[in-house]
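Notes follow once the structure below has been shown.
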Amino acid sequence: MEKYNETLHDLTWPELLQQVSAIISRDAKTLESNVNYYMKLFNDSNSDKTQLNKLFEKLQLDKLRYAYFSELFIRLDEHNYKVMIMSLESCIQQETEIQNRKPKDWTATISFENGQIKIYFMALSYYQ
């Protein structure tokens, strides 16, 4: 069984994506099992039609939710977004180490220069 970390704020972006990937993978297997169960009931002439309809509605919602979260995950896992988010995390970490306190408010500019993503970071205030 996979181990899920309960302190999500401590995870780096790649670690968080790895955890989400594991959960989506598990949900895909569960969804497949539930669809197979539904098909078994559907082909059984003695099945309760009300229960079958409820199960169908639940499966439709589960499939829709799976499709949305999978698409969101795929988009977040896109290389440029990963680089931008990891760079921002790195800037916040560096600023925390330099100032010995974490920035509370900050601004960042992300630009694409000469084929590279550049991050310009400035802390505005700090947690006390």
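Across all directions, the shadow cast by the convex hull of the range 66-128 built on its C-alpha atoms averages 5.6 square nanometres.
Along the chain, the exposed loop sites are GluC sites (Glu not before Pro) outside DSSP states H, G, I, E and B with at most 11 other Cβ atoms within 10 Å, and the longest stretch free of them is 7-77. Here the chain is treated with +1 on each Lys and Arg Cβ and -1 on each Asp and Glu Cβ, and its dipole about the Cα centre works out to around 300 debye. Between residue 32 and residue 18, the simple spin-label model (points 7 angstrom out along Cα→Cβ) gives 2.3 nm. Taking each of 63/102; 29/118; 29/49; 63/104; 82/102; 63/118 in turn, the alpha-carbon distance tops 29 angstrom for 63/102; 29/118; 63/104; 63/118. A simple spin-label model places pseudo-atoms 7 Å from Cα toward Cβ; at residue 11 and residue 56 they are separated by 3.6 nm. Per-residue extension of 0.36 nm, minus the Cα-Cα distance of residue 80 and residue 119, leaves a gain of 12.8 nm for this segment. From helices alone, the chain scores -22500 deg cm²/dmol at 222 nm; the rule is -39500 (n - 2.57) for each run of n ≥ 4 DSSP H residues, then divide by the residue total. Here the relative contact order of the chain, from alpha carbon pairs under 8 Å that lie six or more residues apart, stands at 19 percent.
Label separation (residue 104 vs residue 64): 4.2 nm, computed from points 7 Å beyond Cα along the C-beta direction. Taking the protein heavy atoms of the range 37-128 in the context of the full set of protein chains, the accessible area attributed to carbon and sulfur is 54 percent at 1.4 Å. A full extension of the chain between residue 44 and residue 90 corresponds to an added length of 10.9 nm, given 0.36 nm per residue minus the alpha carbon distance.
Of the residues 110, 88, 72, the one whose Cα sits farthest towards the positive end of the charge dipole of the chain is 72 (charges of +1 on Lys and Arg Cβ, -1 on Asp and Glu Cβ, taken about the Cα centre).
Built from the Cα atoms of the range 1-109, the convex hull projects on average onto 10.0 nm², one quarter of its surface area.
The values are calculated or read from the model by the stated rules, or taken from the named source; none is laboratory data. None of the values given here were measured: they were computed from a predicted structure. Reconstructed Cβ throughout: ideal geometry from the backbone, glycine too, with neighbour counts over all protein chains shown. The accessibility values were calculated without ligands, DNA or RNA, using every heavy atom of the protein model including side chains. Shrake-Rupley method; radii C 1.70, N 1.55, O 1.52, S 1.80 Å.
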